[in-house]
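Trainee: Attaching a single structure in structure tokens format; questions to follow.
The values are calculated or read from the model by the stated rules, or taken from the named source; none is laboratory data. Model, not experiment: these values are computed from the prediction. Here the Cβ is made from the backbone with ideal geometry for all residues, glycine too, and neighbour counts use every protein chain on show. We work out accessible area using only protein heavy atoms, side chains counted, and drop any ligands, DNA or RNA first. Shrake-Rupley method; radii C 1.70, N 1.55, O 1.52, S 1.80 Å.
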Amino acid sequence: MGHECNAECPYCFGTKHEIIRKENLLTIKGHLMHKALNADLREIIPSISFSGGTGDPLLRPDLLESFMSFYHGIEPNLSKKPWYYLYTNGILADRKMIRQLKEYGFDEVRFHLGATNFSAHVYDHLAEAVQHIPVVTVETPAWPLHRDQLFEMLPKLQQLGVKHLNIGEIQVTRENRERIEALLPEAEVYQNGIIHLDDDGLVYELMKEVIKQGYSYSVLDCNSFVKGIQSTSGKWTLFEPVDGLCTGYNG
Ligand code: SF4
């Protein structure tokens, strides 16, 4: 969906300059159609997510509608219906937008609450989403400067009926390194394929609190080792080297 975003997270690891152009849409659809009709691929499309890695897909509801219509069209060629989900900072996820997402057939919406410093406005949007979308997840990073808001968030998620909390350490890239350093000059990083900001155990403290309070939502620790399973370790160090932090890629 491109990298356009309406938030300004200091830890954002992506560039914000690219957004998918309409003229490329047909080419992309044609490419996907070709792949989807390939017999091998029919077995391996478990889910389809909209994010762009960074950027907010709700800035382009026209493209969401177009892509979802395309995917629904090829569902008969797939071995099973994919799980459709998207990531958003929640700023634009008002009642009207949530109803649109429901109409487009989204199974899950993941909210990044930290992007707005856990604003009341986005909590309201989260509450609306829980009423209409089958699965609502909060996916927000273990940013040390959000420590208090993260703990305050835990009972609110239980009360709202959120199903999952995905939380993990921040990825350090060329884009965010200096911003993070300016805010957290004593911060430590480590490399496990990808470079990560050490959260000093914050994710585990949050998990312990959820268990202690008996909250019913799941908590997924999206740490670097989990991300390492999702992408090969050489891939990120090759394309996202962080000078002075990262060992070279020799693969
Ligand atoms: S919401 Fe996501 S894409 Fe937007 S600035 Fe924050 S981290 Fe970056």
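Trainee: Distance check, please: which entries in K81/K208; K81/K163; K80/K212 exceed 29 angstrom between their Cα atoms?
Mentor: The answer is K81/K208; K80/K212.
Trainee: Now a separate question. Given a 1.4 angstrom probe, I'd like the percentage of the accessible area of segment 67-165 that is carbon and sulfur, rounded to a whole number. Don't jump to the answer; show the numbers that get you there.
Mentor: On the way: 2130 of 4250 Å².
Carbon-and-sulfur percentage of accessible area, whole number: 50.
Trainee: Next question. Give a residue-ordered list of calculated ³J(HN,Hα) values for segment 197-213 (Karplus: 6.51 cos²θ - 1.76 cosθ + 1.60, θ = phi - 60°; whole Hz; x for Gly, Pro).
Mentor: 7, 5, 8, 6, x, 4, 4, 5, 5, 5, 4, 4, 5, 4, 5, 4, 7
Trainee: Turning to a different aspect of this structure: Can you sort D148, D200 by 1.4 Å-probe accessible area, starting with the largest?
Mentor: Details: D148 105, D200 130 Å².
Descending accessible area places them as D200, D148.
Trainee: Using 0.36 nm times the number of residues separating I211 and Q158, minus their current alpha carbon distance, what extension gain do you get?
Mentor: Contour length minus the Cα-Cα distance gives 17.9 nm.
Trainee: How far is it, in nm, from the label point at N192 to the one at R95 when both lie 7 Å from their Cα along the line to the Cβ?
Mentor: With each label placed 7 Å out from Cα toward Cβ, I get 4.4 nm.
Trainee: Where nothing but the Cβ of Lys and Arg (+1) and of Asp and Glu (-1) is charged, how large is the charge dipole of segment 79-230 around its Cα centre, in debye to the nearest 20? Walk me through the intermediate numbers first.
Mentor: On the way: 16 positive and 21 negative charges, 164 e Å.
Value, rounded to 20: 780 debye.
Trainee: Ok, one more. Nearest 20 debye, what's the magnitude of the dipole of segment 150-213 about its Cα centre given +1 on Lys and Arg Cβ and -1 on Asp and Glu Cβ?
Mentor: 420 debye
Trainee: Further, regarding this structure: For segment 54-180, compute Rg over Rh where Rg is the Cα radius of gyration and Rh is the Kirkwood radius from the inverse mean 1/r over Cα pairs.
Mentor: Working: Rg = 15.7 Å, Rh = 15.7 Å.
Looking at segment 54-180, the ratio lands at 1.00.
Trainee: With a/c under 1.5 counting as rounded, go ahead and sort segment 69-108 into rounded, prolate or oblate using the C-alpha gyration tensor (a ≥ b ≥ c being the square roots of the eigenvalues; past the cut-off, prolate if a/b is larger than b/c, else oblate).
Mentor: prolate
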